[in-house]
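Visitor: Here it is: the structure, laid out below.
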Amino acid sequence: MSGGADLAGLADLTGASAADLAGPGAGNAALARRWQGAMMDNFGTPRLPLVRGRGTRVWDAEGNEYLDFVGGIAVNSLGHAHPALVRAVCEQVASLGHVSNLFMAEPTVRLAERLLRLAGRPDGRVYFSNSGAEANEAAFKIGRLTGRTHMVSASGGFHGRTMGALALTGQSAKQLPFRPLPGDVTHVPYGDAEALRDAVTSGTALLVLEPVQGENGVVVPPPGYLRAAREITEATGALLVLDEIQTGIGRTGRWFAAESEGVEADVVTLAKGLGGGLPIGATLAFGRAAQLLTPGAHGSTFGGNPVVCAAALAVLDTIERAGLLDHVARAGQRLRHGLEHPRHPLVREVRGAGLLLGVVLDANAAARVQRAAEERGLLVNAVMPDVVRLAPPLIVSDREVDTFLGRFRAALGEVLDETPAAA
Ligand SMILES: *Cc1c(COP(=O)(O)O)cnc(C)c1O
């Protein structure tokens with residue numbers, strides 16, 4: 001394939017009608033039945049099938065259009081079917097789709113170089129995997145290779161579902177059926193620097209924290225918390241691991257959320273937004289932490305796959321060329337301001353950073369607000385019973401933000417009318 005004409009053909013495909021792409025028997029209810037007949041039940045049955053997307057908009061199997069403020073859970077940083085992403089993926093898969101880690105591919109190296117440049121740390125090295133959990137598994141193993149075994153993480157924190165990442169995840173309901181979990185992990189209250197001082201000792205291999213707790217309902221720690229974590233880990237010789245899987249790569253208006261406190265971690269994990277929808281995990285390690293994985297210590301067949309790395313490079317290029325970091329800061333403020341002025345009576349608080357916002361609601365109304373929003377053509381995520389998470393594509397326009405605000409307010413109004421306790 002030599003570019004031009006064939007790529008135009010693929011772009012046409014993404015513009016095909018919902019009915020064309022959905023195929024026979026793929027109405028919303030029909031697909032739900034097939035899902036139940038073929039898929040394991042770990043996710044339950046999602047409420048909606050989606051068949052097509054463009055920019056911030058998506059369509060379901062019945063042709064209904066939605067403004068997508070879920071963004072694949074902070075993944076679709078460039079929205080849907082972004083031409084730069086489509087082109088990068090198509091060109092790479094048409095020239096070299098996979099090599100394994102027995103061979104080198106240039107896009108893999110280029111992405112690693114690029115991430116280290118963004119981190120501003122020439123003493124760094126990168127390990128690529130395929131998901132957030134795997135990025136944290138690599139951090140877990142790096143921690144073990146210090147010779148220490150004790151680890152500290154925060155209650156409510158989310159670090160993934162594989163056994164090592166789950167051991168670090170501070171949500172006991174997710175852990176309970178899988179005990180005993182690996183490791184020797186202490187969970188401390190999030191945002192409490194004193195608790196860190198007590199928990200992190202000279203026997204601690206690593207402390208892992210999210211700069212903002214995403215899955216826990218977009219919880220922002222008090223100012224100075226990450227700096228305290230840095231001081232405490234430096235004093236005890238523990239590694240500081242920052243899980244920027246949800247907050248990284250522009251989501252908060254900076255490449256890395258921890259830049260807001262000027263904190264440099266020993267290990268940074270990335271995933272969600274980095275691939276713009278293609279599966280990637282990256283573990284960045286610096287200084288002595290960068291030297292701990294030696295030949296044979298860890299690996300992944302797909303990690304560093306050139307197609308996925310080409311996608312991530314397209315994401316980084318586009319964020320840079322389109323000035324999206326500044327745009328995210330401004331659009332995030334517009335969204336937040338619109339939610340707060342005036343604040344709807346059902347809304348207790350709006351929190352977060354950039355385009356990662358949590359709308360905290362009275363009366364555990366999140367699921368009802370999600371449904372009312374859906375009926376008005378908005379996709380939002382009830383991440384907690386009382387919190388709706390907003391994580392639209394970084395390319396969301398001012399007009400889309402305004403459209404969102406109008407419809408979301410109407411959805412809140414409908415739910416408030418049906419909620420006597422909160423009225
Ligand atoms: C989503 C997430 C993970 C897990 O990523 P997966 O790709 O689902 O394994 C880990 N940490 C944080 C902060 C996340 O938001």
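The values are calculated or read from the model by the stated rules, or taken from the named source; none is laboratory data. Since the model is a prediction, treat every value here as computed from it, not as a measurement. Accessible surface areas use protein heavy atoms only, side chains included; no ligands, DNA or RNA. Shrake-Rupley method; radii C 1.70, N 1.55, O 1.52, S 1.80 Å.
Visitor: Name the helices (complete DSSP H segments) of the chain with a Cα length along the long axis of 24 Å or more and a Kyte-Doolittle mean of at least -1.0, or state none.
Guide: Flagged H segments are 398-417.
Visitor: Mind jotting down the distance between the C-alpha centroids of the stretch 280-339 and the stretch 158-210, whole Å?
Guide: 24 Å
Visitor: Ranked by accessible surface with a 1.4 Å probe, highest first, in what order do Y190, Y225 come?
Guide: Working: Y190 40, Y225 5 Å².
Descending order: Y190, Y225.
Visitor: Given a 1.4 Å probe, how much area per residue of the chain is accessible, in Å²? Each step should come with its number before you reach the end.
Guide: Working: 18260 Å² over 423 residues.
I get 43 Å² per residue for this part.
Visitor: Follow-up question, since we're still on this one. Shape verdict for the stretch 248-322, please, from the Cα gyration tensor: rounded (a/c under 1.5), prolate (a/b greater than b/c) or oblate. Don't skip to the end; give the middle numbers.
Guide: Working: a/c = 2.62, a/b = 1.14, b/c = 2.30.
Because a/c hits 1.5 or more and a/b fails to exceed b/c, the stretch 248-322 counts as oblate.
Visitor: Shape verdict for the chain, please, from the Cα gyration tensor: rounded (a/c under 1.5), prolate (a/b greater than b/c) or oblate. If you can, show how the numbers build up before the last one.
Guide: On the way: a/c = 1.65, a/b = 1.16, b/c = 1.41.
Verdict is oblate for the chain.
Visitor: On to the next question. Could you run the Karplus curve 6.51 cos²θ - 1.76 cosθ + 1.60 with θ = phi - 60° over the stretch 150-160 and give me ³J(HN,Hα) per residue in whole Hz, x for Gly and Pro?
Guide: Ordered by residue, 3J(HN,Hα) equals 6, 10, 10, 9, 9, 4, x, x, 10, 10, x Hz.
Visitor: To continue, here is another question. Heavy-atom accessible area of I245 with all protein chains present, probe 1.4 Å, nearest 10 Å²?
Guide: Roughly 20 Å² of I245 is accessible to a 1.4 Å probe.
Visitor: Based solely on its DSSP helices, what 222 nm [θ] is calculated for the chain when runs of n ≥ 4 H residues each add -39,500 (n - 2.57) and the sum is averaged over all residues, nearest 500 deg cm²/dmol?
Guide: Numbers: 15 runs with 163 residues, N = 423.
When only DSSP H runs of four or more count, the value is -11500 deg cm²/dmol.
Visitor: Further question: Return the percentage of antiparallel bridges among DSSP beta bridges fully within the stretch 86-321, rounded to the nearest 5 %.
Guide: Details: 11 of 28 bridges.
Percent antiparallel among DSSP bridges in the stretch 86-321 is about 40.
Visitor: Just the number, please: carbon plus sulfur as a percent of the accessible area of the chain, 1.4 Å probe, no ligands or DNA/RNA counted.
Guide: Working: 9890 of 18260 Å².
Ligands and nucleic acids excluded, carbon and sulfur give 54 percent.
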